[in-house]
1. Name the residue that is surrounded by the fewest Cβ atoms within 10 Å (Cβ to Cβ), counting only residues in region 154-196 that are within 25 Å of ASP93 (Cβ to Cβ) and hydroxyl-bearing (Ser, Thr, Tyr).
2. Looking at the structure I just gave you, is LEU153 hydrophobic (A, V, I, L, M, F, W, C), touching a helix residue (DSSP H, G or I) at 6+ places or on another chain (Cβ under 8 Å) and under 17 Å from PHE195 (Cα atoms)?
3. When you check PHE140 against the structure, is it part of a helix (DSSP H, G or I) and not polar (S, T, N, Q), yes or no?
4. What about LEU145, is it over 16 Å from the mean Cα position of the chain (by Cα), open to solvent by less than 100 Å² (accessible area, probe 1.4 Å) and of a type in the set (A, V, I, L, M)?
5. State all residues of region 176-192 that are more than 22 Å from GLY132 (Cα to Cα) and out of contact with any helix residue (DSSP H, G or I) (no Cβ under 8 Å at 6 or more places or on another chain); if no residue qualifies, say none.
Amino acid sequence: MRPKHKPERITELSRLRAFMNPLRMQLYRLLYAAGTATASQLAEHVDETPSLVSYHLRKLSEHGFVTQASGQGTDGRERWWQVASEEGWGFRDSDFADTPEGAAAVSAVTRGIFDTRIAQYRAYLDQKSAWGKAWTDASFTSEWLLDLTPAELAEMSDELEALARRWRERGNAAKAAGDTEDREHVSVHLYGFPFRP
């Protein structure tokens, strides 16, 4: 059974294409982690100009992925941004497979997501020693080779999504209660796909 709150499912090609630009994917992920940020703050992280970052944030806003954050800033000169939904977004390949343009967009966005995740994990590996024993002992990488049907893989995906959602809610509740000591952003990447040896 799917959880009550789930990522928005993108079914429009124009919206999916918004993430064909790798910088937009990177900005979205940074903004998701930060909660709120200005174009200037994000520009520092991606080594781009604030005007270029602002342009891409406006494009993401046009497609409903980010919104202006209310109650931020004091002088009104710079816009603060946030992701439109903490639940994020997703898509199904099958929603776009009926046209070459759709299939190409799915391939580009999926590869962009993967490249962004790999870059994030490589950055962690490069900085691993700076995190200290508690974090390096707690971090993990795992792989399981299973024999499943499509229905079983979908069920496992639902269970893993529910598990991750529970831990996210626990972390958010702890932060809201002021429990921030030793609390960091944690990225968990899971892939489940068929293969033939």
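1. If we take residues in region 154-196 being within 25 Å of ASP93 (Cβ to Cβ) and hydroxyl-bearing (Ser, Thr, Tyr), then TYR191 is surrounded by the fewest Cβ atoms within 10 Å (Cβ to Cβ).
2. On the way: hydrophobic (A, V, I, L, M, F, W, C): yes; touching a helix residue (DSSP H, G or I) at 6+ places or on another chain (Cβ under 8 Å): no; under 17 Å from PHE195 (Cα atoms): yes.
No, not satisfied.
3. Considered against the rule, which asks whether it is part of a helix (DSSP H, G or I) and not polar (S, T, N, Q), PHE140 comes out as no.
4. Values: over 16 Å from the mean Cα position of the chain (by Cα): yes; open to solvent by less than 100 Å² (accessible area, probe 1.4 Å): no; of a type in the set (A, V, I, L, M): yes.
Here the answer is no, as LEU145 does not meet what is asked.
5. The first filter runs over region 176-192 and keeps only residues more than 22 Å from GLY132 (Cα to Cα), leaving 176-178, 190-192.
Selection gives ALA176, ALA177, GLY178, TYR191.
The values are calculated or read from the model by the stated rules, or taken from the named source; none is laboratory data. As the structure is a prediction and not an experimental result, all values here were calculated from the model. Don't worry about glycine lacking a Cβ; one is built from the backbone with ideal geometry, like all the others, and counts go over all protein chains shown. SASA here: full protein model, heavy atoms, side chains in, ligands and nucleic acids out. Shrake-Rupley method; radii C 1.70, N 1.55, O 1.52, S 1.80 Å.
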